[in-house]
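Visitor: Here it is, the structure in full.
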Amino acid sequence: MKQQMWWALYNRALAETDPLEKRRMIDRANVAMCQRIDELTGTDVGAAEEYKEMMDALSVLRIIIHELQAGVGTALELNPALVAKGTYEADVA
């Protein structure tokens, strides 16, 4: 259930087209992921996969925030190959 919460918020943030609403959804997804990471800390090895998924998702959200702050565009304009390679670096304020 908890995994579904952060995952749903993450996907909603990705799908949002309005920049202000996208930023709000990113913030909500970030909070949900951080809470879930705290819950998973010290749990069994089975949680490792979910933890990795959240780390990947957080990286994507940082990229989107960077793009929004730079006025470059939306996540839809990101090159998935560059994201996968980790070419994008973002500092989250």
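The values are calculated or read from the model by the stated rules, or taken from the named source; none is laboratory data. Small disclaimer: the values here were computed from a predicted structure and weren't measured. Heads up, the Cβs are rebuilt from the backbone with ideal geometry, glycines too, and the neighbour counts pull from every protein chain shown.
Visitor: Among the numbered conditions (1) assigned to a loop (DSSP other than H, G, I, E, B); (2) at pLDDT 90 or above; (3) of a type in the set (A, V, I, L, M), tell me where Ala93 comes up short.
Guide: Here Ala93 meets the rest and fails (2).
Visitor: Follow-up. Provide a single number: the residues in segment 20-52 that are more than 10 Å from Leu9 (Cβ to Cβ), among the small types (Gly, Ala, Ser) and part of a helix (DSSP H, G or I).
Guide: First, pick out the residues of segment 20-52 that are more than 10 Å from Leu9 (Cβ to Cβ): 20-24, 34-52.
Narrowing the set further to residues that are among the small types (Gly, Ala, Ser) leaves 42, 46-48.
Then drop every residue that is not part of a helix (DSSP H, G or I), which leaves 46-48.
Residues that pass the stated criteria total 3.
Visitor: Of all residues in segment 1-21, which are buried (at least 19 other Cβ atoms within 10 Å of the Cβ) and touching a Leu at 6+ places or on another chain (Cβ under 8 Å)?
Guide: So in segment 1-21, the residues buried (at least 19 other Cβ atoms within 10 Å of the Cβ) come out as 6, 9-10, 13.
Hits for segment 1-21 are Tyr10, Ala13.
Visitor: Tell me which residues, restricted to segment 22-49, are out of contact with any Phe, Trp or Tyr (no Cβ under 6 Å at 6 or more places or on another chain) and crowded, with 19+ Cβ neighbours inside 10 Å.
Guide: Those that are out of contact with any Phe, Trp or Tyr (no Cβ under 6 Å at 6 or more places or on another chain) and crowded, with 19+ Cβ neighbours inside 10 Å: Lys22, Met25, Ile26, Asn30.
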